[in-house]
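First comes the structure, then the notes that go with it.
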Amino acid sequence: MAAPNKGRRPAAGGQSKPGRALALILIAMVALVGGMFISHTTTPRLGIDLAGGTSITLKAKPEPGQESAINKANMDTAVSIMERRVNGLGVSEAEVQTQGNDNIIVNIPKGTNSEQARQQVGQTAKLYFRPVLTAQATAAPTPSASPSASGKGTPTPSGTPSVTGKATPSASGKATPSAGKPSGTPQGRALTDALKASGTPTPGASKPSSPAPNPSGSAADSAAAAKLQAQFAALDCSTKEARSKAGEGAKSTDPTVACDQNGAEKYILGPAEVDGTDVAKAQAVINQQNGQWIVQMDFTSGGSKKFAAITGKLSQQQYPNNRFAIALDNTVVSAPTVSSTLSGSAEISGSFNQSSAQDLANVLSYGALPLTFQEQSVTTVTAALGADQLHAGLIAGAIGLALVIIYLVAYYRGLAMIAILSLVASAILTYAIMTLLGPGIGFALNLPAVCGAIVAIGITADSFIVYFERIRDEIREGRTLRPAVERAWPRARRTILVSDFVSFLAAAVLFIVTVGKVQGFAFTLGLTTLLDVVVVFLFTKPVMTLLARRKFFASGHPWSGLDPKRLGAKPPLRRTRRTTSAPVDTPKEA
């Protein structure tokens, strides 16, 4: 005889072991909350509109006929430049990020001069090639795996990049001057005379010294030289803020002091000889001969002449005066040595990897980038106003949650307990994830994001209502609670998934097509929608399965929310045995 249950399929949507699902979601909750305390981050990061500060939206504008200049590489370079400028203001926890294809959002926390920040981030990058007059290491140089080409006279320290290319006949002749002495060529004398006229110390000394008597110069020239030397001696390159302020206010036609972008070296630089707009193209490529990364530069016709002139002068100097500094916003991003007169194109080689070579190429390209940034909007929020907005948002959320709970208790009675527990689980997951996303990806909770969380309360409660109504429909059909819970789940699950998919799709589209604070609303709405699916599948359904075995709910207590009489249930369904054999006719008795 076959077993009664052999071949019988389990009830649709049956969940034989709800404890596993509950254990899984509880482990996830403990892990997320534990991660908060381990990382010492127990509150979400607040956006500008809640914490106070300034938010600036910039839109990239290409020059006519140069629409292709708006691309990811150029936008990322612009972000890097703006980050350097904002950090130079001494700002902590500032955010500079692209939004969409042509927008950049700059969020600066409270305590910063907003007008100064607007001027800094809105400027077009200023890229210049300046001769190095004096250089001094502020930290131990990083050894280079491959020695770079050195200048004449003093050996070039390992790790210093060099610039090479197709050499052109130098108009300055073949004479090589000694360090600290005027060149015998007309170009060399012109350079030295120009430096003296500007009050710049004579090239050739690697360390600043007291200004030498200058018979041909005036007392003002000597005073300017002494002032420049004093600035160099006092220059501190240890912090981003100090590096950004080095040489602040200096014109391109004046000598200045500067730091490199890592703070490992400081310089006295001569007047700019080549403008960044003279670079036609720059790219990072691999040298096929030695397999090392290099940066190739091509100049415009006017830039080629300027570059030939400056490299012709520098190639006659000793180290460190045979170097030119590539200065972006008065921060030296590279200072290669020169050994010959170059024109038209050049290659910068050194201890580059792919990332550093591409970074330098982007910086060089950005100097000639036909992009400007137009200010779209500036929002300044005081800390007091931000606190008021946060307080109002929390009150609105509490009122919305209270109304939902009141409705659930009034209409579903005992079932409301399951809904409330599910809301608590969803709230814990949402809060923990938002808190961890702050240091993780820089997510900041702004006012629209708070609104998205409030809307999510209704979306989550809607999922519970769909499931509860399906269970009540099954009870109205005359089924007992346990089979009703399992039979209602497949239909409810399908409806919940479709509803949440539509909500998530709307959030995703809104996140893609919008910029600024509206994305906070879309991100929060999408996150809470995904968590709604997780909570309903791994918490609400397993808890409902367990409680269906309890007498309070299984017996249909009036306060359980599942009272068959109150729901107008039909009489219990009865199974009828069906015979598979055909009826047999029996002969009638006479």
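Here are a few things to note about the model shown:
- Selected residue (criterion: farthest from residue 417 (Cα to Cα)) from residues of segment 550-571 that are at pLDDT 80 or above and aliphatic (A, V, I, L, M): 554
- Among the residues of segment 369-379, those identified as part of a strand (DSSP E or B) and either among the acidic types (Asp, Glu) or at pLDDT below 80 (or both) are 371, 372, 375, 379.
- Residue list for segment 279-318, restricted to those being among the charged types (D, E, K, R) and either crowded, with 20+ Cβ neighbours inside 10 Å or farther than 17 Å from residue 349 by Cα (or both): 305, 306, 313
- When residues of segment 45-59 are limited to those that are assigned to a strand (DSSP E or B) and out of contact with any Ser or Thr (no Cβ under 6 Å at 6 or more places or on another chain), the one surrounded by the most Cβ atoms within 10 Å (Cβ to Cβ): 53
The rows are residues; the columns are (1) touching a residue at least 24 places away in the same chain (Cβ under 8 Å); (2) of a type in the set (Gly, Ala, Ser); (3) buried (at least 21 other Cβ atoms within 10 Å of the Cβ).
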residue	(1), (2), (3)
417	no, no, no
420	no, no, no
427	no, yes, no
438	yes, yes, no
441	no, no, no
444	yes, yes, yes
451	yes, no, no
456	yes, yes, yes
463	yes, yes, yes
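- Test: residue in segment 416-426 that is closer than 23 Å to residue 40 by Cβ and part of a helix (DSSP H, G or I): no
- Qualifying residue in segment 333-340 (condition: closer than 26 Å to residue 79 by Cα, at pLDDT below 85 and in contact with a helix residue (DSSP H, G or I) (Cβ under 8 Å, 6 or more places away or on another chain)): yes
- From 380, 435, residue being touching a Ser or Thr at 6+ places or on another chain (Cβ under 6 Å) and under 30 Å from residue 467 (Cβ atoms): 435
- Residues located in segment 207-254, provided they are over 25 Å from residue 276 (Cα atoms), part of a loop (DSSP other than H, G, I, E, B) and at pLDDT below 75: 207, 208, 209, 210, 211, 212, 213, 214, 215, 216, 217, 218
- Enumeration of residues in segment 416-437 that are touching a Leu at 6+ places or on another chain (Cβ under 8 Å) and more than 14 Å from residue 528 (Cα to Cα): 416, 418, 419, 420, 436
- Selection count where residues are in contact (Cβ under 8 Å) with a residue 60 or more places away in the chain and charged (D, E, K, R), scope segment 285-305: 0
- Screening segment 335-361 for residues that are crowded, with 21+ Cβ neighbours inside 10 Å and under 25 Å from the mean Cα position of the chain (by Cα) and picking the one that is farthest from residue 273 (Cα to Cα) gives 352.
- Helices (runs of 4 or more DSSP H) enclosed by segment 440-553 - at least 1 residues per element that are over 19 Å from residue 414 (Cα atoms): 447-476, 481-513, 518-535
- Residue within segment 60-76 that is surrounded by fewer than 20 Cβ atoms within 10 Å (Cβ to Cβ), within 14 Å of residue 95 (Cα to Cα), out of contact with any Asp or Glu (no Cβ under 9 Å at 6 or more places or on another chain) and not hydroxyl-bearing (Ser, Thr, Tyr) present: yes
The values are calculated or read from the model by the stated rules, or taken from the named source; none is laboratory data. Owing to the predicted nature of the structure, the values given are computational and were not obtained by experimental measurement. Reconstructed Cβ throughout: ideal geometry from the backbone, glycine too, with neighbour counts over all protein chains shown.
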